[in-house]
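*Asks:* Here you go, one structure.
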Amino acid sequence: MEKVIGLITCNYSAKESSPLNESRPMASLPYFGRYRLVDFALSNFVNCGIRTVGMVMPYNYRSIIDHVGSGKDWDLDRKNGGLFILPGSAFGTSRTGARFLLRDLVHNKVYFTRSTSDAVFFSTANFVYNIDLDKVYEAHKASGADITVLTKTASEKDPDVTAFDVEDGRVCGVHHGTAFGETMFLDCFVINRQLLLDMFDWYAATDYLDLFEAMAGDFGRVNIRTYDFDGYVAPIFNKRAYFRANMDLLDPRITSELFVEERFIKTKTHDTPPAKFEVGSHVCHSAVASGDRIYGNVSDSILGRNVIIEAGATVRNSIVMQGCVVKSGARVENAIVDRANVVPAGTELRGTPEDVLIKEKAH
Amino acid sequence: MSKKECIAMLLAGGQGSRLGALTSNVAKPAVSFGGKFRIIDFALSNCANSGITTVGVLTQYRPYLLHSYIGTGEAWNLDERNGGVSILPPYATQTGGAWYEGTADAVTQNLGYIETNDPEYVLILSGDQLYRMDYDDMLATHKANNADLTIAVMPVPWEEASRFGILTAEDDGRITKFSEKPKKPDSNLASMGIYIFNADLLVETLKEDANDQNSSHDFGGDIIPKLLADGKRLFTYKFEGFWRDVGTISSYHETSMDLLGPNPAFDIFSTTFPIMSNSSTRPPAFVGKDATIDDSLIANGCQVYGIVKHSILSTDAYVGERATVVDSVLLPGAVVKDGANVVRAILGENSTVEENVSVGSVDTTKDTAVIGNDVVVGKGEN
């Protein structure tokens with residue numbers, strides 16, 4: 001897709017504050033042992049041939065830059081195009097419901113004016129799904145729409161997900177928070193580049209709004225059509241959704257859909273050896289990343305890279321992130337143990353299946 | 001080690017014919033090892049970890065996978081603007097072209113590469129050995145001895161010494177004698193096929209050797225004896241540690257098993273001298289509800305639903321329900337379907353063992369079973 005560029009807004013966080021996103025933007029939240037949430041947006045873009053991607057950064061962007069680097073692991077270290085790190089709003093937006101704040105786009109107008117592309121794909125970093133965007137773009141061109149938004153019928157209510165009012169496949173309203181059965185916005189859309197630049201002028205006075213909020217009075221003029229995605233989707237705006245979206249991947253049917261061969265999810269690669277299941281270890285129904293050394297018991301859990309589970313330790317229904325050590329005899333149950341924690345011998349970290357315990361990042 | 005003080009010539013053209021089915025369509029250095037590595041990772045990582053950033057890789061046999069795997073060398077931090085990895089296959093000239101005949105001949109045909117880089121020292125390596133070595137330390141020894149050629153050696157059991165190229169040295173390490181597979185060895189120091197030459201001497205010697213009709217153009221067989229006879233200063237560099245040349249199926253299997261157990265002979269988890277690899281991005285290994293895994297290495301992308309004991313599962317390997325894998329190595333993408341039984345076997349890349357089929361035998365007097373790359377083993381075929 002040579003005539004399309006991408007933009008990912010990484011600077012909007014979840015409303016709910018938790019120790020997981022106190023220390024990092026949602027975009028760089030570790031996911032399923034070796035990924036970061038932003039890998040999905042990035043991979044969806046590059047898997048359909050987009051080789052120019054801008055990332056609008058939050059103020060605490062260290063971990064995002066650490067992860068994406070030059071963009072090499074996503075083939076975004078290009079001579080022409082490639083990865084563009086773009087500044088986001090200085091303040092005041094991190095906990096609003098905004099997804100594509102006009103101010104952030106206008107602020108980086110040159111990214112769009114210097115491009116010769118026909119269209120721009122936008123995405124946030126809060127969703128997990130694997131989609132063939134080529135098909136979305138084909139549909140966009142075929143329908144003649146000004147904007148095509150990626151949507152799915154909501155199977156439950158989610159106060160953090162944007163919803164559209166839709167008539168005959170055309171958007172006629174937008175509101176924040178989705179109820180069961182409504183058309184939820186998967187935070188991804190494609191817009192013709194010239195129209196986007198026009199909108200910067202149209203909505204100059206209300207640049208503090210989200211692009212779709214700014215458009216609210218113009219749904220008659222701007223032809224926005226929906227593209228329904230029927231694959232696995234996980235919106236991740238809170239701790240509960242985050243935990244569930246991880247555990248969903250212990251179902252091989254979902255995993256095989258998400259990590260489909262022809263559109264692999266790309267991420268930063270590391271030089272870690274294969275996981276070692278030592279003599280006497282017991283592991284069942286779990287995902288185990290490279291570099292792990294397991295001597296103890298692990299079930300219904302996800303282990304990040306370079307985790308050590310000592311003999312006699314037990315990990316159940318939990319996420320243990322990169323570099324943690326669960327010492328001998330310790331017990332971790334219904335918990336999310338953030339990076340680099342050492343769970344001392346004989347101690348317990350225990351939440352409930354309904355309310356998992358979070359042990360914040362050690363450093 | 002300053003830039004271009006020392007460059008490496010990595011011999012990676014060998015077929016490894018005794019690895020049989022494993023090298024039927026890839027060169028030996030490209031054979032998968034240890035779950036996520038390929039054999040050449042060890043030499044390339046040693047170079048990178050030793051600060052050698054100019055590496056010529058001489059390839060010949062079945063080079064495609066090897067070439068694409070090495071790529072720009074970025075996986076080993078060897079994608080340098082001034083140097084880095086250069087792949088050196090046989091080539092044609094105005095007077096014709098020739099295959100590499102022997103280790104020395106391969107380097108001779110690439111003297112141009114050495115002359116272009118104009119180093120003081122040239123390190124000659126094999127791309128098919130498993131070990132960790134700091135070549136910088138070897139170079140320091142070479143310089144301290146004011147040597148013309150330094151050969152890395154390791155002590156081997158006396159009873160096995162007659163299988164190796166044996167070097168006899170004085171107390172200060174100066175080599176007095178080289179004997180290829182001696183019947184009655186007077187030393188147990190075996191050459192590891194790792195050499196540091198003064199570059200000028202190497203170039204000069206190889207040019208002479210090229211014109212020698214009686215030479216087989218081999219470092220061990222021709223170059224070393226000649227330099228010894230000429231009275232050059234040849235010294236040993238003693239290496240003590242894990243080193244294997246996995247020349248045969250049984251040594252490949254044995255060396256793989258050396259990575260397992262509570263205190264493995266070769267620690268691939270060391271972070272001080274990491275083994276780097278051009279790894280693919282695969283999701284974490286998935287362990288099913290009824291799976292049992294014991295004393296095994298399981299790489300990313302694997303799915304295990306059955307029983308795996310004392311085995312290595314490489315990237316994207318699959319073990320189905322009620323299947324059993326014991327004392328075996330599954331290379332990348334190997335599939336063991338439901339109810340199949342794999343014992344003391346090496347399953348090639350993307351090979352398949354069909355449902356309820358058995359491969360291999362617990363009988364250790366029998367050879368390790370090998371299934372070639374992409375081979376499907378069905379009922380009645382094994």
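The values are calculated or read from the model by the stated rules, or taken from the named source; none is laboratory data. In this text, all values refer to a predicted model and were calculated from it rather than measured experimentally. So basically every Cβ, Gly included, is an ideal-geometry build from the backbone, and we count neighbours across all protein chains shown. Heavy atoms of the whole protein, side chains included, go into the accessibility calculation; ligands, DNA and RNA do not. Shrake-Rupley method; radii C 1.70, N 1.55, O 1.52, S 1.80 Å.
*Asks:* Would you tally the residues in the range A:242-257 being crowded, with 20+ Cβ neighbours inside 10 Å and in contact with a Pro (Cβ under 9 Å, 6 or more places away or on another chain)?
*Replies:* 2
*Asks:* If you don't mind, there's one more thing I want to ask. Restricting to the range B:2-25, what's the tally of residues that are over 16 Å from B:TYR64 (Cα atoms) and either part of a loop (DSSP other than H, G, I, E, B) or open to solvent by 10 Å² or more (accessible area, probe 1.4 Å) (or both)?
*Replies:* 8
*Asks:* For A:VAL260, work out the one condition from (1) among the β-branched types (Val, Ile, Thr); (2) more than 8 Å from chain B (Cβ to nearest Cβ); (3) closer than 26 Å to B:GLY34 by Cα; (4) in contact with a strand residue (DSSP E or B) (Cβ under 6 Å, 6 or more places away or on another chain) it doesn't fulfil.
*Replies:* For A:VAL260, the exception is condition (4).
*Asks:* So for the range B:59-73 (the condition being part of a loop (DSSP other than H, G, I, E, B), crowded, with 16+ Cβ neighbours inside 10 Å, in contact (Cβ under 8 Å) with a residue 24 or more places away in the chain and of a type in the set (Phe, Trp, Tyr)), does at least one residue qualify?
*Replies:* Within the range B:59-73, the subset part of a loop (DSSP other than H, G, I, E, B) is B:59-63, B:71-73.
Going one step further and asking which of them are crowded, with 16+ Cβ neighbours inside 10 Å, we end up with B:59-63, B:73.
Now narrow it down to the ones that are in contact (Cβ under 8 Å) with a residue 24 or more places away in the chain: B:59-63, B:73.
Applying the additional criterion that residues be of a type in the set (Phe, Trp, Tyr) yields B:61.
Yes, the range B:59-73 contains a residue that is part of a loop (DSSP other than H, G, I, E, B), crowded, with 16+ Cβ neighbours inside 10 Å, in contact (Cβ under 8 Å) with a residue 24 or more places away in the chain and of a type in the set (Phe, Trp, Tyr).
*Asks:* Which members of the range A:258-277 meet the condition of being acidic (Asp, Glu) and touching a Pro at 6+ places or on another chain (Cβ under 7 Å)? I'd like the intermediate steps shown before the answer.
*Replies:* First pass over the range A:258-277, keeping only residues acidic (Asp, Glu): A:261-262, A:271.
A:ASP271 - this is the single residue of the range A:258-277 that is acidic (Asp, Glu) and touching a Pro at 6+ places or on another chain (Cβ under 7 Å).
*Asks:* For B:PHE266, indicate whether it is touching a Pro at 6+ places or on another chain (Cβ under 9 Å) and either within 14 Å of chain A (Cβ to nearest Cβ) or open to solvent by 10 Å² or more (accessible area, probe 1.4 Å) (or both).
*Replies:* no
*Asks:* Out of B:TYR237, B:TYR252, I need the residue that is more than 14 Å from chain A (Cβ to nearest Cβ) and under 30 Å from B:ALA345 (Cβ atoms). Which one? Please lay out each step first, then the result.
*Replies:* Details: B:TYR237 fails: under 30 Å from B:ALA345 (Cβ atoms).
Testing whether each residue is more than 14 Å from chain A (Cβ to nearest Cβ) and under 30 Å from B:ALA345 (Cβ atoms) leaves just B:TYR252.
*Asks:* Using the structure shown, decide if A:VAL222 is more than 14 Å from chain B (Cβ to nearest Cβ) and out of contact with any Asp or Glu (no Cβ under 7 Å at 6 or more places or on another chain).
*Replies:* Numbers: more than 14 Å from chain B (Cβ to nearest Cβ): yes; out of contact with any Asp or Glu (no Cβ under 7 Å at 6 or more places or on another chain): no.
No: the conditions fail for A:VAL222.
*Asks:* I would also like to ask the following. Tell me, yes or no, whether the range A:270-278 has at least one residue that is under 26 Å from the mean Cα position of the chain (by Cα), surrounded by fewer than 21 Cβ atoms within 10 Å (Cβ to Cβ) and at pLDDT 95 or above.
*Replies:* The answer is no, given that none of the residues of the range A:270-278 is under 26 Å from the mean Cα position of the chain (by Cα), surrounded by fewer than 21 Cβ atoms within 10 Å (Cβ to Cβ) and at pLDDT 95 or above.
*Asks:* Could you check how many residues of the range A:286-314 are under 16 Å from A:GLY33 (Cα atoms) and either of a type in the set (Gly, Ala, Ser) or under 26 Å from the mean Cα position of the chain (by Cα) (or both)?
*Replies:* Residues flagged as under 16 Å from A:GLY33 (Cα atoms) and either of a type in the set (Gly, Ala, Ser) or under 26 Å from the mean Cα position of the chain (by Cα) (or both) within the range A:286-314 amount to 16.
*Asks:* Another question, if that's okay. Take the residues in the range B:161-177 that are over 21 Å from the mean Cα position of the chain (by Cα) and open to solvent by 40 Å² or more (accessible area, probe 1.4 Å); name whichever of them is farthest from B:LYS232 (Cα to Cα).
*Replies:* By that ranking, first place goes to B:SER162.
*Asks:* Can you name the strands (runs of 3 or more DSSP E) wholly within the range B:278-351 that have at least 3 residues being under 23 Å from A:VAL260 (Cβ atoms)?
*Replies:* B:285-287
*Asks:* Another one. Residues in the range B:133-180 that are of a type in the set (D, E, K, R) and touching a strand residue (DSSP E or B) at 6+ places or on another chain (Cβ under 7 Å): how many?
*Replies:* Residues that pass the stated criteria total 5.
The rows are residues; the columns are (1) among the aliphatic types (A, V, I, L, M); (2) part of a loop (DSSP other than H, G, I, E, B); (3) within 14 Å of another protein chain (Cβ to nearest Cβ).
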{"site": "A:ALA241", "(1), (2), (3)": "yes, no, no"}
{"site": "A:MET247", "(1), (2), (3)": "yes, no, yes"}
{"site": "A:HIS270", "(1), (2), (3)": "no, yes, yes"}
{"site": "A:SER290", "(1), (2), (3)": "no, yes, yes"}
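*Asks:* Only one of these conditions is not met by A:VAL283: (1) of a type in the set (A, V, I, L, M, F, W, C); (2) assigned to a loop (DSSP other than H, G, I, E, B); (3) facing another protein chain (nearest Cβ under 9 Å). Which number is it?
*Replies:* (2)
*Asks:* On to the next question. For the range A:63-91, which residues satisfy the criterion of being assigned to a helix (DSSP H, G or I), away from chain B (no Cβ under 14 Å) and touching a residue at least 24 places away in the same chain (Cβ under 8 Å)?
*Replies:* Of everything in the range A:63-91, those that are assigned to a helix (DSSP H, G or I), away from chain B (no Cβ under 14 Å) and touching a residue at least 24 places away in the same chain (Cβ under 8 Å) turn out to be A:SER63, A:ILE64, A:ASP66.
*Asks:* Next question, about the same structure. State which residue is farthest from A:TYR31 (Cα to Cα) when the search covers only the range A:45-65 and only residues that are surrounded by fewer than 21 Cβ atoms within 10 Å (Cβ to Cβ) and of a type in the set (S, T, N, Q).
*Replies:* The selected residue is A:ASN60.
*Asks:* Still on this structure, I have one more. Among the listed residues B:GLY261, B:GLY247, identify the single one that is away from chain A (no Cβ under 14 Å), over 14 Å from B:ALA104 (Cα atoms) and assigned to a loop (DSSP other than H, G, I, E, B).
*Replies:* Going through B:GLY261, B:GLY247 in turn, the sole match is B:GLY247.
*Asks:* Within the set of pairs 6 or more residues apart or between chains, which connect a residue that is outside any loop (DSSP other than H, G, I, E, B) inside the range A:328-346 to a residue that is of a type in the set (Phe, Trp, Tyr) with Cβ atoms less than 7 Å apart?
*Replies:* A:ILE336/A:PHE243
*Asks:* Within the range B:292-313, restricting attention to residues that are under 17 Å from B:THR324 (Cα atoms) and open to solvent by 10 Å² or more (accessible area, probe 1.4 Å), which residue is farthest from the other protein chains (Cβ to nearest Cβ)?
*Replies:* Selected residue: B:ILE307.
*Asks:* Tell me, which strands (runs of 3 or more DSSP E) wholly within the range A:144-223 include 1 or more residues that are free of Cβ contacts under 8 Å to residues at least 40 places away in the same chain and open to solvent by 60 Å² or more (accessible area, probe 1.4 Å)?
*Replies:* On the way: elements: A:147-153, A:158-167, A:170-178, A:183-192.
Answer list for the range A:144-223: A:158-167.
*Asks:* Pairs under 9 Å by beta carbon, first residue within 14 Å of chain B (Cβ to nearest Cβ) in the range A:32-61, partner open to solvent by less than 10 Å² (accessible area, probe 1.4 Å) and among the acidic types (Asp, Glu), six or more apart or different chains?
*Replies:* Going by the 9 Å Cβ cut-off, the qualifying pairs are A:GLY33/A:ASP292.
*Asks:* Exactly one of these conditions fails for B:GLY231: (1) open to solvent by less than 40 Å² (accessible area, probe 1.4 Å); (2) of a type outside the set (Phe, Trp, Tyr); (3) on the phi > 0 side of the Ramachandran plot. Give me its number.
*Replies:* (1)
*Asks:* For the condition open to solvent by 40 Å² or more (accessible area, probe 1.4 Å), in contact (Cβ under 8 Å) with a residue 24 or more places away in the chain and among the hydroxyl-bearing types (Ser, Thr, Tyr), what is the one hit in B:SER279, B:SER256, B:SER216?
*Replies:* The conditions single out B:SER216.
*Asks:* Give the residue, chosen from B:ILE275, B:ILE346, that is among the β-branched types (Val, Ile, Thr) and either closer than 24 Å to A:ASP73 by Cα or within 12 Å of another protein chain (Cβ to nearest Cβ) (or both).
*Replies:* Being among the β-branched types (Val, Ile, Thr) and either closer than 24 Å to A:ASP73 by Cα or within 12 Å of another protein chain (Cβ to nearest Cβ) (or both) holds for just one of B:ILE275, B:ILE346, which is B:ILE275.
*Asks:* In addition: Does B:SER86 meet the test of being buried (at least 17 other Cβ atoms within 10 Å of the Cβ) and in contact with a Lys or Arg (Cβ under 9 Å, 6 or more places away or on another chain)?
*Replies:* no
*Asks:* Another question about this same structure. Which of the residues spanning the range B:240-249 are among the charged types (D, E, K, R) and more than 20 Å from B:ALA345 (Cα to Cα)?
*Replies:* Selection gives B:GLU240 alone.
*Asks:* Let me ask something else. B:GLU204 is checked against (1) more than 25 Å from the chain's Cα centre (by Cα); (2) surrounded by 18 or more Cβ atoms within 10 Å (Cβ to Cβ) and fails just one. What number does that condition carry?
*Replies:* Result: B:GLU204 fails condition (2) only.
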